[in-house]
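To start, the structure under review is shown below, and the notes come after it.
Please treat every number below as a calculation from the coordinates, not as lab data. What you see is a predicted model, and the numbers here were worked out from it, not measured in a lab. As a convention, Cβ positions derive from the backbone with ideal geometry for all residues, glycine included, and neighbour counts pool all protein chains shown.
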Amino acid sequence: MYNQKRRLFAVMTLIVVLACVLSLTAFADGEAVEEVTNPMVGTFMSLVPPIIAIVLALITKEVYSSLFIGILAGALFYGNFNPEATLNAMVVDGFVAGMADSWNAGIFLFLVQLGILVALMNKAGGSAAFGRWAQKNIKSKVGASIATFVLGVLIFVDDYFNCLTVGSVMRPVSDGHKMSRAKLAYIIDATAAPVCMIAPISSWAAAVSGMVDEGVYTGLELFIKAIPYNFYSLLTFVFVIGLAIMKFDYGPMKLHEFNAETKGDLFTSGDIRNDETELDYNEKGKIIDLILPIAILIVCCIIGMIYVGGFWDGASFIDAFANTDASLGLPWGTMIALVITFIYLIARRVITFKEACSCITKGFIAMVPALLILTFAICLKNMTGMLGAAEYVAGLMEGAAAGLYNFLPAIIFIVACLLAFATGTSWGTFGILIPIVVNVFPATSELLIVGVSACLAGAVCGDHCSPISDTTIMASAGAQCDHLNHVSTQLPYAITVAAVSFVCYIFTGFIQNAWICLPLGIVVMIATLFVLKKVTAAKA
């Protein structure tokens, strides 16, 4: 089977290379290319590059080359198969533009800082001390799952911060109760984006608020009113708790959990970086050496975000969050938290100055795989953007509005899922679709709120499923789980919740009452879990 996959990968690579070679003769004149209208821009072909990357990644289990081939396909399409234009699109418009973008640079800095902070807490023995405490007080895998979920819900400020912080704190606990890293990554991912999407004080709420023009509702008011209709985010919470309490798994996750439980194999397959995940034993380390830095980090990140949003310039707390820039606020707050933690741990004499400095390079090295995948994912997003994927999807949405009015929330949900899955960005997805949704429905209609919530829920769902999503990548990094193992194991779970959410949006389009539709959705979700458990037990 492995050899077959390698042969398939080789064939796909050969096809792309041949296309490049043929382009040398097909478009030899670089000046003439500029006069040719690109027939692929704004068509279904704009979604083909991410589809190629995703399919190859799932088949070959090799993410870097799969993303690169997807990027190459996008550059070939955009450059009309001209070698010079293709190389320029890939290098200049893809990689260089992605790295030069201030938002991406800020997020990269934040990830490196967080990696250093985690390394400091490890070196001081805080993580190990918490692990020892948790092993004594959290008695079961169910308790470990619920504790991971609760911690994820509590850290609602930002999904990147959530993924890496929850992962670093809960890895010792989950390992001690023989929970597979794939399961840990799923619980982290299942709380990170969904909780940010229903928390009024978060970087996500700020982003959504900024995309809605002033009308009957302000951006933040519309976001808050949409929360009860955000079925995917809310039902994901029900799903995670239900799985933990009912003690069963299905799909690829079942094998990972079986290996962890019976063989002590937390990884099953993939890239295992034991050297970066082993906790340092430090007899001076205490739980406070983990809890205090995290508390400082949360406080500093909130202060950083409202500072960037203009809180000290006279803006209210809510307005400051609505106007903030997470790519500036998070590095700002993390830098301060890092300096305070550095001084605190040295002053407490749990680590020396030299040991603290060694954590700078160690933390950076631990983040390199995530940074590399994120770099490729950003470049691929740039390719789909240049090919006009947003305009293509927007046209489909506007075309569907006329004849399927009450079914539009369900349609919006599916379109948002597919767009976020293909592009790997939930923010980009609701940035594309929200203006369309606002124009489709009357300003005073309840369907406007339902439609916005369907857009947000679909964006989270597609982002949750996509292997090129930055949040999915961060969840893998936080759990120190092989990225493609995480994607393949969580996909059936995400699709299950998405299916129930789709049904909810169908009857919500007619009922238009959150206090009827949400409880009904919860009942359907719980019933689905019981059916899945029964089917899984019958196959065992």
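Brief remarks on what is shown
- For Lys362, the lysines whose Cα falls under 17 Å of its own Cα, not counting residues fewer than eight places away in the same chain, are Lys123, Lys354.
- Label-to-label distance, Ile288 versus Glu84, with points set 7 angstrom from Cα along the beta-carbon direction: 6.7 nm.
- Per-pair calculated FRET efficiency, R0 = 22 Å: Ser102 and Glu221 via Cβ, rounded to 0.05: 0.15
- Inter-site label distance for Asp265 and Val92 at 7 Å from Cα along Cβ, in nm: 5.0
- Here the Debye sum runs over all C-alpha atoms of region 50-89 as equal scatterers in vacuum, and log10 of I(q)/I(0) at q = 0.18, 0.19, 0.25, 0.28 Å⁻¹ comes out as -0.47, -0.50, -0.70, -0.78.
- Working value for region 232-361: equivalent-ellipsoid semi-axes of 35, 28, 13 Å, each the square root of 5 times a Cα gyration tensor eigenvalue, largest first.
- Lys247/Gln135 FRET efficiency (R0 22 Å; Cβ-Cβ; nearest 0.05): 0.65
- Each of the peptides 188-197, 323-332, 164-173 was scored by the mean count of other Cβ atoms within 10 Å over its residues; in descending order, highest first, they stand as 188-197, 164-173, 323-332.
- Bridging of Lys139 to lysines at a Cα separation below 16 Å is possible for Lys178, Lys247, once same-chain residues fewer than 8 apart are set aside.
- Sequence-separation-based contact order of region 138-196, relative, with Cα cut under 8 Å and 6+ spacing, percent: 48
- Shape metrics for region 411-491, restricted to C-alpha atoms - Rg then Dmax, Å: 14.2, 47
- With the charge dipole of region 54-166 set up from +1 on Lys and Arg Cβ and -1 on Asp and Glu Cβ about the Cα centre, the Cα lying farthest toward the positive end among the listed residues Phe156, Asn137, Val92 is that of Asn137.
- Residue separation of Ser445 and Thr536 scaled by 0.36 nm, minus their Cα-Cα distance, works out to 28.5 nm of gained length.
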